[in-house]
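Below is one structure, written out as structure tokens; comments come after it.
The values are calculated or read from the model by the stated rules, or taken from the named source; none is laboratory data. Just so it is clear, the model here is predicted, and its values are computed rather than measured. Cβ placement follows ideal geometry from the backbone for every residue including glycine, while neighbour counts extend to all protein chains displayed. Note: areas computed on protein heavy atoms with side chains; ligands, DNA, RNA excluded. Shrake-Rupley method; radii C 1.70, N 1.55, O 1.52, S 1.80 Å.
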Amino acid sequence: MKVDYIVVGSGLAGILFCEVLRKYNKSFVIIDDNSQKSSVVAGGLYNPVILKRFSSVWKSKEQLEIALPIYKVLEYYLNVKLDYKIPVYRLFNSVEEQNNWFNACDNPKLSMYLKPELNKYQNKSVNASYGFGEVLNTGRIDTSTMILEFKSKLLNENRLLETSFDYEKLIISKKDINYNEINATQIVFAEGFGLKQNPFFNYLPLNGTKGELLIIHAPDLNIDFVLKSSVFLIPLGEDKYSVGATYEFNDKTNTVTQSAREELITKLESFITCKYTVINQVAAIRPTVKDRRPLVGQHPKYKNLYVLNGLGTRGVMIAPYVATKLFQYIENGNPLDSEMDINRFD
């Protein structure tokens, strides 16, 4: 088999890079063993504002301008609903938080995203004495459906190999690379936390942060917006909600824990009063980096090896942006932003 690209990994980074390849009629094959789960269990929220500090997400405007059209194309290509437009309400816990919100509304980087009025939405199941602030231009991408449907198409087209990648079988020359019976011009590693096992890029400072989510059933809650307090509460339909997430820096397993369950329940019950049932709990390792910037670029020695990683906690916003920028770098020589270029770790 001869292709333009081999892509290793089928999480958000890998799938979005392949969508860019598809747009520009580049041939590719994905190799993945389904060992990394962070994209599948992600909340999928795109939100341009850091609501803990009322500050702007890195390159939020540029990210959304690239991401939303790509998700729209994917909806058409896969014939599924992916982008659910939904506002985010930030629950205030004090007059000071209200004042901080209004100050943030005057920030030119945030004014287009923050509604400058206090929302006094009433819900007997939510403790909201100080009201809410509403974030605009937000939504949720159904990442699980997107990845499963995209991979299903690739399987039918014989462009997905569901197996572990054996780095020792990669033969690299100046002009191309060979892996088993696949000949390609370039290879892109988009392995999430699996990058730690990659001998070509494991020198990069990918930390990995474990996150756990609960799925609850709460028939009396009746909210049709994302609620942010000490945790995010994201409606999924049919009175189900995602609650999360936790941040654990030492445990690098995908095993759910009782301590995370108790932490999420304690935080949830600090602002809702209705009855609910926990129906599921999931865990995964987010590919996080200490400086909170993606890991994108070319191997310092092997010029046809590339990495696309480090999406952290905001993958649905960052993935289309960095996938597009990496493609433009490889094909057109467009320089990468220095903040995400892996050369910053030379």
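The table that follows gives values for the structure above.
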quantity: Residue check, I187 assigned to a strand (DSSP E or B), within 30 Å of K301 (Cβ to Cβ) and under 23 Å from the mean Cα position of the chain (by Cα); calculated: yes
quantity: Filter result (of a type in the set (K, R) and within 30 Å of V73 (Cβ to Cβ)) within segment 83-120; calculated: K85, K109, K115
quantity: So N180, is it more than 17 Å from the chain's Cα centre (by Cα), open to solvent by 10 Å² or more (accessible area, probe 1.4 Å), over 30 Å from G44 (Cβ atoms) and modelled with pLDDT under 95; calculated: yes
quantity: Evaluation of N137 against (1) open to solvent by 70 Å² or more (accessible area, probe 1.4 Å); (2) modelled with pLDDT of 95 or more (one fails), failing number; calculated: (2)
quantity: Candidate set from segment 75-125 (those that are under 30 Å from P219 (Cβ atoms) and aromatic (F, W, Y)); member that is least open to solvent (accessible area, probe 1.4 Å); calculated: F92
quantity: All positions within segment 267-286 that are closer than 24 Å to R314 by Cα and either of a type in the set (S, T, Y) or in a strand (DSSP E or B) (or both); calculated: N280, Q281, V282, A283, A284, I285, R286
quantity: Strands (runs of 3 or more DSSP E) within segment 214-255 that include 3 or more residues without any contact (Cβ under 8 Å) to a residue 12 or more places away in the chain and charged (D, E, K, R); calculated: none
quantity: Unique match (being aliphatic (A, V, I, L, M) and surrounded by 19 or more Cβ atoms within 10 Å (Cβ to Cβ)) among I216, I172; calculated: I216
quantity: Residue in segment 140-165 that is least open to solvent (accessible area, probe 1.4 Å), counting only those that are free of Cβ contacts under 8 Å to residues at least 12 places away in the same chain and in a loop (DSSP other than H, G, I, E, B); calculated: E157
quantity: Qualifying positions in segment 1-28 - of a type in the set (D, E) and surrounded by fewer than 20 Cβ atoms within 10 Å (Cβ to Cβ); calculated: D4
quantity: Considering residues of segment 282-300 that are open to solvent by less than 40 Å² (accessible area, probe 1.4 Å) and at pLDDT 95 or above only, the residue nearest to S229 (Cα to Cα); calculated: P294
quantity: Qualifying residue in segment 201-210 (condition: surrounded by 23 or more Cβ atoms within 10 Å (Cβ to Cβ) and either in contact (Cβ under 8 Å) with a residue 24 or more places away in the chain or in a strand (DSSP E or B) (or both)); calculated: yes
quantity: Yes/no for L114 being within 23 Å of L68 (Cα to Cα) and in contact with a Cys (Cβ under 9 Å, 6 or more places away or on another chain); calculated: yes
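One line per residue, one yes/no per condition, for (1) touching a His at 6+ places or on another chain (Cβ under 7 Å); (2) assigned to a loop (DSSP other than H, G, I, E, B); (3) under 27 Å from G194 (Cβ atoms):
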{"position": "K26", "(1), (2), (3)": "no, yes, yes"}
{"position": "N34", "(1), (2), (3)": "no, yes, yes"}
{"position": "E62", "(1), (2), (3)": "no, no, no"}
{"position": "A67", "(1), (2), (3)": "no, no, yes"}
{"position": "K81", "(1), (2), (3)": "no, yes, no"}
{"position": "N93", "(1), (2), (3)": "no, yes, no"}
{"position": "N103", "(1), (2), (3)": "no, no, no"}
